[in-house]
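Following: one structure in structure tokens, then a few remarks.
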Amino acid sequence: MPRQAVIGLIGGMSWESSAEYYRLINQQVRDRLGPLRSAKLLMYSVDFGPVEQAQHAGRWDDAALILVEAARRLEAGGAECVVLCTNTMHKVAGQIQAAIDIPFLHIADSAGQAAVDAGALKVGLLGTAFTMEQDFLKARLTSMGLTVLVPDAEERQAVHRIIYDELCVGVISEASRQVYQKVIESLTRRGAQAIILGCTEIGLLIKPEHSALPLLDTTVLHAQAAVAFALGE
């Protein structure tokens with residue numbers, strides 16, 4: 001049997017999307033290796049409450065300490081790469097990578113490469129307000145040759161609220177889906193060629209049939225990157 005590297009997942013932000021990572025990674029390994037095959041992985045699931053409080057208070061270093069500890073525990077447990085199961089906390093990706101001696105698979109790389117491969121060089125980005133308004137994800141995408149569009153201020157507020165108040169606690173609302181669809185339509189009118197779902201929960205609400213534009217779901221793409229690493233592809 002081919003060797004699998006052990007995938008280390010930092011989850012819990014929220015656990016709703018972390019469960020999706022676990023499902024997607026195992027499904028992809030099964031599809032590649034056979035019906036009874038599954039992934040070799042470790043997950044360290046943090047308590048999201050203190051992380052969320054640190055985010056909204058601007059205490060990013062405090063949040064980083066929580067994730068650095070998680071990454072170190074994964075490495076000590078035998079993980080051979082680290083996958084951070086959230087877009088927003090990639091703001092502290094550099095601090096996590098600096099604290100470990102195994103690869104850190106950045107979520108923007110797989111999404112950006114998918115956009116480039118699809119010829120979609122102008123993309124709309126949906127995510128938390130932190131992700132849409134700050135540069136930690138956008139700059140990595142633009143370095144790959146992409147133009148990144150974000151919703152206007154009122155739309156960003158709505159997108160952000162739905163993530164934290166609904167999606168992170170497992171609430172899927174048709175009314176909120178329609179809000180997102182209107183935001184996608186607005187980005188389409190501005191020239192977006194694809195939409196990056198830059199929050200790991202958005203794919204729980206918005207499916208391909210809900211958008212006229214191609215969707216680049218960072219959860220799915222990040223999971224694919226983890227499997228590719230594990231299988232040496």
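Taking interchain pairs and intrachain pairs at least six residues apart, which have beta carbon atoms under 8 angstrom, with the first residue in region 149-178 and at negative phi and the second among the acidic types (Asp, Glu) and part of a helix (DSSP H, G or I)? Pairs found: Val150/Glu133; Arg156/Glu133; Tyr164/Glu52; Leu167/Glu16; Cys168/Glu16; Val169/Glu16; Val171/Asp165. In the set Ile102, Ile172, Ile66, only one residue is of a type outside the set (D, E, K, R), not in a helix (DSSP H, G or I) and not assigned by TED's automatic domain parsing to the domain that holds Thr200; that residue is Ile102.
Return a yes/no flag: does region 210-227 have any residue that is without any contact (Cβ under 8 Å) to a residue 60 or more places away in the chain, out of contact with any Lys or Arg (no Cβ under 7 Å at 6 or more places or on another chain) and in a helix (DSSP H, G or I). Don't jump to the end; show me each part of the working.
Going through region 210-227, the residues without any contact (Cβ under 8 Å) to a residue 60 or more places away in the chain turn out to be 210-212, 215, 217.
Next, from what is left, pick out any that are out of contact with any Lys or Arg (no Cβ under 7 Å at 6 or more places or on another chain): 211-212, 215, 217.
Still in the running and in a helix (DSSP H, G or I): none.
There is no residue in region 210-227 that is without any contact (Cβ under 8 Å) to a residue 60 or more places away in the chain, out of contact with any Lys or Arg (no Cβ under 7 Å at 6 or more places or on another chain) and in a helix (DSSP H, G or I).
The set of residues in region 30-50 being under 18 Å from Gln97 (Cα atoms) and either hydrophobic (A, V, I, L, M, F, W, C) or more than 21 Å from the chain's Cα centre (by Cα) (or both) consists of Leu42, Met43, Val46.
So is Arg59 outside the structural domain of Lys207 (by TED's automatic domain parsing), surrounded by fewer than 21 Cβ atoms within 10 Å (Cβ to Cβ), closer than 19 Å to Glu233 by Cα and over 19 Å from the mean Cα position of the chain (by Cα) or not? Considered against the rule, which asks whether it is outside the structural domain of Lys207 (by TED's automatic domain parsing), surrounded by fewer than 21 Cβ atoms within 10 Å (Cβ to Cβ), closer than 19 Å to Glu233 by Cα and over 19 Å from the mean Cα position of the chain (by Cα), Arg59 comes out as no.
The values are calculated or read from the model by the stated rules, or taken from the named source; none is laboratory data. These numbers come from a predicted model, not from an experiment. Cβ coordinates were reconstructed from backbone atoms using ideal geometry, including for glycine residues, and neighbour counts include every protein chain displayed.
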